[in-house]
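Just below is one structure, and these are the notes that go with it.
The values are calculated or read from the model by the stated rules, or taken from the named source; none is laboratory data. Please read all numbers here as calculations on a predicted model, not as lab measurements. Note: areas computed on protein heavy atoms with side chains; ligands, DNA, RNA excluded. Shrake-Rupley method; radii C 1.70, N 1.55, O 1.52, S 1.80 Å.
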Amino acid sequence: MSQARKNNMHILFSITLFTAFTASVLLVLLFGVSAYGDITEEGQDGYAGRLCLSYIATKVRHYDQNGCVRVDTFEGLPALFLEEELDGIRYQTILYCHDGQVKELFCEKDLGLLPGDGTALLPAAALNFAVSPEGLLHISYAEPEGEAMELYLSLRAKGEEKG
């Protein structure tokens, strides 16, 4: 075999090896991107629900005193009423779901505001509340995509349920 032919074989072998290496690197990158996308999507599933339930739990813990946490309806919508007195005036924070949003309304008690007056917090399909005789507050949240989440909170002060 001539020297030129040996050099051509070495060059052809090197190019083939380089091509195989490059193809394997690209395949590994494609699989990595796909796996990263799946992990990111899985992490986002339920994010709004966890955030909503955590937010409500924090609010309830802040207001958890005798007679300050109440489950009722607000213009026909299931709602959580959190009440407090500031400078001799009774205020309430109302948490409810309206027009596909979890909303919060802070106002003087019995001011006569409507559900549309609240501040939108997160998207939601439904938000429901109930208090058991043992004082457990049950909060259920449904995301617009349909995933539902629940949270039970033990109230230090026995909660009330009306309606």
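A few remarks follow.
- Normalised size of the chain, defined as Cα radius of gyration per 2.2 N^0.38 Å with N residues, equals 1.91.
- Remark: accessible surface ordering of Ile139, Ile89, Ile11 (largest first) is Ile11, Ile89, Ile139, probe radius 1.4 Å.
- 3J(HN,Hα) from dihedral phi, region 95-103, Karplus parametrisation 6.51/-1.76/1.60, rounded to Hz, x for glycine, proline: 10, 7, 10, 8, 6, x, 9, 6, 10
- In Å², nearest 10: area of Ser132 left accessible to a 1.4 Å probe: 30 Å²
- What the pair-distance distribution of region 60-116 shows, using all Cα-Cα distances binned every 10 Å from zero, is 24, 57, 19, 1 percent.
- In Å², nearest 10: area of Leu26 left accessible to a 1.4 Å probe: 100 Å²
- For region 73-163, convex hull volume per residue from C-alpha positions, Å³: 104 Å³
- Under the Karplus curve 6.51 cos²θ - 1.76 cosθ + 1.60, θ = phi - 60°, whole-Hz ³J(HN,Hα) for region 3-11, x wherever Gly or Pro sits: 4, 5, 5, 5, 5, 5, 5, 5, 5
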